[in-house]
Amino acid sequence: MKNIRNFSIIAHINHGKTTLSDCIIQICGGLNDIKKEKQILDSMDIEKKRGITIKAHTVNLKYKSKNGKIYKMNLIDTPGHVDFSYEVSKSLIACEGVLLLIDSTQGVKAQTISNYNKAIKMNLDIIIVFNKIDLPNANIKRVSKEVKDIIGISTKNVIYCSAKTGDGVINILESIIKNISQPKGKKNNPLQAIIIDSWYNNFLGITSIICIKNGYLKLKDKIIINNKKKYNIETLGLFTPKKKEKKKLNCGEVGWITYSEKKINNIKVGDIITSYLNPCKNLIIKCKKIKPQIYIGLYNLNSNKNEIFKNSLKKMKLNDNSFFYEPEVSLILGFGFRCGFLGLLHMEIIIERLEKEYNLNLIITSPNVIYKVYTINKKKIYIDNPCKLPKKNIIKKIKEPIAECKILIPKKYLGKIIKLCIKKRGILINTIYYNNKICLIYEIPISEIIINFNNKLKNISNGYASLNYNFKYYKTSNLVKIDILINNKRIDIISRIIHNNNLYNVCKKIITKLKTLIPRQQFDISIKAVVNSNIIFSNIIKQFKKNVISKCYGGDISRKKKLIQKQKIGKKKMEKIGNFFLPKKIFLKLIKINNN
């Protein structure tokens with residue numbers, strides 16, 4: 001126990017967490033038995049393609065300190081994007097300390113502050129590390145002042161490093177041994193372990209990553225999860241980072257287990273494992289359950305793969321506890337699922353994984369948040385789908401979720417950022433001035449944040465602005481539902497709930513966009529944006545018209561008139577019975593249309 005250190009690297013996105021993890025693994029000899037490559041802990045193709053960490057990863061290393069002792073290092077690499085903050089929270093449960101990594105060229109960002117506060121709340125030991133000191137634009141003095149002013153902590157014991165070149169990484173490892181506490185559990189106590197991640201294998205069933213808080217776990221031991229079902233440990237071991245089997249996991253270690261569980265719904269992140277023969281009475285606290293921020297309808301275009309689609313969502317839920325899904329039916333697309341995500345990037349990653357890993361052809365509806373609807377019958381309804389919104393005559397009021405946004409920016413971009421927040425219906429709560437930066441605290445509806453808000457922040461600030469937001473409360477708003485009618489047929493998957501102030505502009509943008517996307521047919525197609533049976537904006541996609549008199553080179557004019565009249569009758573009949581096809585690209589492009 002004295003020679004075990006469990007730690008995580010936390011930082012804002014692109015501050016060098018994974019690069020530092022790779023460097024630590026190389027120094028500790030974790031690459032002797034596997035091919036050396038970049039992004040060792042980023043195992044998914046999507047992570048390597050996008051250059052970001054999506055899932056938390058763990059690795060067990062051995063390091064020989066300058067004092068001659070060999071230490072076991074359990075390193076957990078975590079994501080930096082705000083959409084994956086849940087991955088950070090569950091990883092910190094297995095740690096006694098963290099490395100707070102700060103890019104010495106960019107300084108303190110929004111997620112730096114958020115992650116620091118998480119570590120403080122969990123009473124973890126914190127080591128501050130300034131990374132990228134080898135770059136010519138590194139400014140250690142400025143970043144040190146930002147750490148003092150914004151975070152409010154001393155920089156006397158800061159460690160300077162370059163994860164790219166390896167400079168200073170040995171000092172980090174020595175500081176981990178000196179400044180991060182050993183695990184506090186006891187080997188002789190009854191078994192207490194917490195599941196921090198799980199995934200499904202067709203042959204082995206469920207594999208879980210666990211942290212042993214008390215006691216120990218051996219091969220063939222009988223365990224119970226959450227005092228419910230009994231299991232036998234089939235295999236167990238560590239990641240070095242290669243998967244390595246062992247006969248025993250000791251107190252304080254972070255490793256993996258398999259236990260022949262095939263039913264995916266039985267296992268959740270945060271579940272507690274204890275011994276069947278000697279169960280622990282006082283179970284440790286579970287992971288905090290997190291609620292999705294945005295919801296979409298998700299449909300598979302190949303109905304023959306509906307069972308595969310359903311099972312793929314179950315497996316995704318096992319691997320990502322922040323993901324939510326439930327069945328729903330669309331009048332247009334048929335059977336599908338209502339899915340919840342932490343943000344737009346989280347949604348894009350899940351959909352990309354489903355399509356690549358399970359060979360699915362998926363279509364999505366516009367994102368929505370959860371609204372509170374109060375009816376005249378004194379009922380309170382939670383709505384995550386515009387199609388479920390009651391009729392106007394029974395609605396008393398609608399409340400929308402409001403987020404507290406902390407936007408950290410350089411002073412010169414203040415005016416542009418304020419204009420953007422006003423457009424997004426933001427209310428300024430506080431302004432905190434630092435040496436060369438400003439922290440704007442706004443209350444902004446989550447529906448205004450989830451699509452393109454972060455991208456616009458980055459664009460108008462040349463990438464220097466950073467955002468962190470959390471749900472705060474529900475607020476009464478003047479909201480309406482837009483229905484889109486194509487040839488008087490309601491397309492439920494395009495329905496949206498928006499603020500009344502943006503009504504005309506949004507309707508015009510949707511109809512104009514649809515007109516350019518819907519293929520022309522042999523009959524006119526009318527497109528209308530309707531609110532409570534009132535047409536707000538409409539347009540018509542003109543029909544193709546075949547030249548039916550092209551072969552009539554001469555002859556009586558009545559012959560030509562007869563052919564034209566016959567064509568008109570045929571067109572009217574086609575309008576009544578004709579079907580039109582909406583390509584998948586329509587919905588993928590419409591999702592990017594924001595309220596402005």
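Structure notes:
- Positions within segment 409-431 being small (Gly, Ala, Ser) and either part of a strand (DSSP E or B) or in the same structural domain as LEU333 (by TED's automatic domain parsing) (or both), in sequence order: none
- The condition (being in contact with a Leu (Cβ under 7 Å, 6 or more places away or on another chain) and assigned by TED's automatic domain parsing to the domain that holds TYR299) is satisfied by just one residue among ILE332, ILE383, ILE351: ILE351.
- Qualifying residue in segment 231-253 (condition: outside any loop (DSSP other than H, G, I, E, B), in contact (Cβ under 8 Å) with a residue 12 or more places away in the chain and under 30 Å from ILE450 (Cα atoms)): no
- When segment 223-247 is filtered for residues that are within 27 Å of ASN3 (Cβ to Cβ), of a type outside the set (Asp, Glu) and loosely packed, with under 15 Cβ neighbours inside 10 Å, the ones remaining, listed by number, are LYS242, LYS243, LYS244, LYS247.
- Counting only strands (runs of 3 or more DSSP E) that fall entirely inside segment 490-596 and contain at least 2 residues that are at pLDDT 70 or above, over 26 Å from ILE296 (Cβ atoms) and not hydroxyl-bearing (Ser, Thr, Tyr), the qualifying elements are 534-541.
- Candidate set from segment 434-446 (those that are of a type outside the set (A, V, I, L, M, F, W, C) and modelled with pLDDT of 90 or more); member that is nearest to ASN501 (Cα to Cα): PRO445
- Residue match in segment 143-153 (condition: crowded, with 24+ Cβ neighbours inside 10 Å, modelled with pLDDT under 90 and under 28 Å from ILE450 (Cβ atoms)): no
- Odd one out for LYS406 among (1) surrounded by 15 or more Cβ atoms within 10 Å (Cβ to Cβ); (2) within 26 Å of the chain's Cα centre (by Cα); (3) in a helix (DSSP H, G or I): (3)
- Members of segment 189-222 found to be of a type in the set (Gly, Ala, Ser), out of contact with any Leu (no Cβ under 8 Å at 6 or more places or on another chain) and either assigned to a loop (DSSP other than H, G, I, E, B) or surrounded by 23 or more Cβ atoms within 10 Å (Cβ to Cβ) (or both), listed by number: SER208
- Hits in segment 440-453 - residues which are within 26 Å of LYS145 (Cβ to Cβ) and either of a type in the set (Val, Ile, Thr) or surrounded by fewer than 19 Cβ atoms within 10 Å (Cβ to Cβ) (or both): ILE441
- Total residues in segment 343-378, condition in contact (Cβ under 8 Å) with a residue 24 or more places away in the chain, assigned to a strand (DSSP E or B) and closer than 18 Å to ILE395 by Cα: 4
- Filtering ILE177, ILE127, ILE196, ILE140 for residues that are touching a Gly at 6+ places or on another chain (Cβ under 9 Å) and either among the polar types (S, T, N, Q) or at pLDDT 90 or above (or both) leaves a single hit, ILE127.
- Residue check: LEU428 meets all listed conditions (1) at pLDDT 90 or above; (2) touching a helix residue (DSSP H, G or I) at 6+ places or on another chain (Cβ under 8 Å); (3) surrounded by 15 or more Cβ atoms within 10 Å (Cβ to Cβ) but one, namely (3).
- Some residue of segment 458-475 being crowded, with 18+ Cβ neighbours inside 10 Å, in a helix (DSSP H, G or I), within 26 Å of the chain's Cα centre (by Cα) and touching a residue at least 24 places away in the same chain (Cβ under 8 Å): no
The values are calculated or read from the model by the stated rules, or taken from the named source; none is laboratory data. Not measured: the values here are computed from a predicted model. Every residue, glycine among them, receives a Cβ derived from its backbone with ideal geometry; neighbour counts consider all protein chains shown.
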